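See below for the structure under consideration.
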Amino acid sequence: MAQSKTGGGMFTFLIIMVVVMIIYSVQTLRDGVAAGAGLILEPITSLLGFNWLVTILVLAAITGCYSSLLQKYTIDYEKMQRVQKKMKEFQKDFREAQLAGDEKRIRKMKDKQQKMMEEQMQMSQEQFKPMAWIMIITIPIFLWLLSKASEMGDATFAIGGTINLADPLFFLPAWIIWYMLCSLALSQIIRKTLDIGGL
């Protein structure tokens, strides 16, 4: 049953990925999703005085917060750490048996290895459970920001000076780089604050 639920989470994630790719590749759908997200996000931008650096920072904080909360309550990190620790110990014992040339022990451990690999695979797939929900909220925000890129104009950074947020920076538009940096930094702070584990 647990395996079925895990597989279901991965299947849902894949379906949403396909839907996202369709939306992104069809201009009308992309604009429609962006316009829908704008009903909520436009007032936030207005409230922040159309400061796009701050707007992106706030949106990164919002997405970081809900994604961290979803992960906290849908992924059993303690179990994942136990499985990983057990696998490391098994691999160490297996190497020792191989070096010692203990064929009887190796045969016994190979039977156990299959079961442990399945358990590790299930735990890896469990990470897909919250990702579908994270994408449902994150993608509209991203598409809205994409639709507003031409309006963002210049922004001044402490390092790098003044940059147009729509201009490429390291092969990506500067606003995406800023969003990624904010998201990574804030997610770490949120995870630490909420005591969310990880591997």
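The values are calculated or read from the model by the stated rules, or taken from the named source; none is laboratory data. These numbers come from a predicted model, not from an experiment. No Cβ is skipped: glycine too gets one built from the backbone with ideal geometry, and neighbour counts run over all protein chains shown. Remember, those area values only see protein heavy atoms, side chains included, never the ligands or the DNA or RNA. Shrake-Rupley method; radii C 1.70, N 1.55, O 1.52, S 1.80 Å.
Sort the stretch 25-135 into rounded, prolate or oblate with this rule: let a ≥ b ≥ c be the square roots of the eigenvalues of the Cα gyration tensor; rounded if a/c is under 1.5, and if a/c is not under 1.5, prolate when a/b is larger than b/c, oblate otherwise. Could the numbers behind the result be given before it?
Numbers: a/c = 4.37, a/b = 3.20, b/c = 1.37.
Cα axes put the stretch 25-135 in the prolate bin.
State, to one decimal in nm, how far the label point of Phe90 lies from the label point of Glu103, with both points 7 Å from Cα in the Cβ direction.
2.4
State in Å² the accessible area per residue of the stretch 53-98; use a 1.4 Å probe, count heavy atoms of protein chains only, and round to the nearest integer. Numbers along the way, then the final one.
Numbers: 2590 Å² over 46 residues.
With the other protein chains kept in place, the stretch 53-98 gives 56 Å² per residue.
Quick one, can you get me the convex hull of the C-alpha atoms of the stretch 22-70 expressed as volume per residue in Å³?
About 99 Å³ per residue, rounded to a whole number.
Heavy atoms only, 1.4 Å probe, whole protein assembly: order Leu181, Leu47 by accessible area, highest first. Please report the intermediate quantities before stating the final value.
On the way: Leu181 100, Leu47 155 Å².
Largest to smallest exposure gives the sequence Leu47, Leu181.
Placing +1 on the Cβ of each Lys and Arg and -1 on the Cβ of each Asp and Glu in the chain, which of Phe142, Leu181, Ala132 has its Cα farthest towards the positive end of the resulting dipole?
Among Phe142, Leu181, Ala132, the one farthest towards the positive end of the dipole of the chain is Ala132.
By accessible area of protein heavy atoms, probe 1.4 Å, what ranking do Phe171, Phe128 get, highest first? Let's see the in-between values first.
Working: Phe171 205, Phe128 50 Å².
So the residues, ranked largest to smallest area, are Phe171, Phe128.
Name the helices (complete DSSP H segments) of the chain with a Cα length along the long axis of 18 Å or more and a Kyte-Doolittle mean of at least 0.0, or state none.
2-25, 27-47, 52-74, 128-148, 174-194
By how many nm would the segment from Leu53 to Arg82 grow when fully extended, if each residue of separation counts as 0.36 nm and the alpha-carbon distance is taken off?
Details: separation 29, 0.36 × 29 = 10.44 nm, distance 4.08 nm.
Gain on extension, Leu53 to Arg82, equals 6.4 nm.
Out of the total accessible area of the chain (probe 1.4 Å, heavy atoms of protein only), what percent is carbon and sulfur? Before the final figure, lay out the partial values.
Values: 8100 of 12800 Å².
C and S fraction of accessible area: 63 percent.
Would you kindly work out the equivalent ellipsoid of the stretch 117-199 from its C-alpha gyration tensor and give its semi-axes, the square roots of five times the eigenvalues, largest first in whole Å?
Values: eigenvalues 208, 53, 28 Å².
Listed largest to smallest, the semi-axes of the stretch 117-199 are 32, 16, 12 Å.
Ignoring ligands and nucleic acids, what accessible area does Lys108 show with a 1.4 Å probe (Å², nearest 10)?
140
Quick check: residue separation of Gln27 and Ile189 times 0.36 nm, minus the Cα distance between them. What number comes out in nm? Provide the component values of the computation, followed by the final result.
Numbers: separation 162, 0.36 × 162 = 58.32 nm, distance 3.59 nm.
Stretched fully, the Gln27-Ile189 segment lengthens by 54.7 nm.
Considering the alpha-carbon set of the chain alone, what are its Rg and its Dmax in angstrom?
22.4, 72
Accessible area, 1.4 Å probe, largest first: how do Thr28, Thr45 sort?
Thr28, Thr45
What aspartates and glutamates sit close enough to Lys115 to cross-link, taking a C-alpha to C-alpha distance under 20 Å and skipping anything fewer than 8 places away on the same chain?
Lys115 reaches Asp76, Glu78, Glu89, Asp93, Glu96, Glu103, Glu126.
Report the label-to-label distance for Tyr66 and Gln114 in nanometres (one decimal), using points 7 Å from each Cα along the Cα→Cβ vector.
Label at Tyr66, label at Gln114, 4.4 nm between them.
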